[in-house]
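Asker: Please read through the structure below; I'll follow up with questions.
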Amino acid sequence: MKPMIDENAGRIPGDNAEAEKENRDLLETENKLLQEKLGWSAYSSVFAEDMDPENLNAFLRHIQFMEDIGPHRTIHSLFPPEFTFPPIDSMGEAELQEKLETIENILAENGILIELSPALPDPLVYKYIMEEMMGESVPANIPEGAAVHFTGCGGWCPDCFQREFCETKKELSEIIGSQLNIEKAEKSNP
């Protein structure tokens, strides 16, 4: 009588070597596609050759994010369909604070951080979110550990909605003011 060979002998129950190999193959294929999207040749990143597929994938996704390559979505699309954005004048102070906290949490869960001046009043924060952020396009796949930052700062203080509350503007004004005073003193004392 011929002995029966059990193909599963020696395997730990729940061990799924075939599925792991298939996942690894899919990951390697995805890595090759990401490298093509990034325009990388096989030799453009020597250290990437030694990376295991999981770390290489995380690295490539991060580079794709940093290069702003890939699908995008609007910030508004991150919110559940039933989420409401009431007008500012229809909310009391506590309700507005709660709404802002909920909005900031939903955005943070999706890799989007609001970093406006801490002294900015809540109505201005809400107005900025509604008028400036909701229609903005952001990467659909923000990798873990990365984020899109919204500071509200365009670098031009005279037209900035935060200027009255901005510590950076105050610091720059002090530095520039000091430099102007030094220049004036140098000119008056030849």
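The values are calculated or read from the model by the stated rules, or taken from the named source; none is laboratory data. None of these values were measured; they are calculated from a predicted model. In this analysis, Cβ positions are derived from the backbone assuming ideal geometry, glycine residues included, and neighbour counts consider all displayed protein chains.
Asker: If you go through the range 175-183 one residue at a time, do you hit one that is outside the structural domain of Pro118 (by TED's automatic domain parsing), at pLDDT 75 or above and either farther than 30 Å from Arg73 by Cα or among the hydroxyl-bearing types (Ser, Thr, Tyr) (or both)?
Answerer: Yes, some residue in the range 175-183 is outside the structural domain of Pro118 (by TED's automatic domain parsing), at pLDDT 75 or above and either farther than 30 Å from Arg73 by Cα or among the hydroxyl-bearing types (Ser, Thr, Tyr) (or both).
Asker: Residues that are in contact (Cβ under 8 Å) with a residue 40 or more places away in the chain and surrounded by 15 or more Cβ atoms within 10 Å (Cβ to Cβ), at least 2 per element: which strands (runs of 3 or more DSSP E) completely within the range 82-170 meet that?
Answerer: In the range 82-170, the matching strands (runs of 3 or more DSSP E) lie at 137-139.
Here's the yes/no breakdown for (1) within 15 Å of the chain's Cα centre (by Cα); (2) charged (D, E, K, R); (3) closer than 30 Å to Leu56 by Cα:
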| position | (1), (2), (3) |
| --- | --- |
| Pro80 | no, no, no |
| Met91 | no, no, no |
| Lys99 | no, yes, no |
| Glu104 | yes, yes, no |
| Leu124 | no, no, no |
| Arg163 | no, yes, no |
| Cys166 | no, no, no |
| Glu171 | no, yes, no |
| Glu174 | no, yes, no |
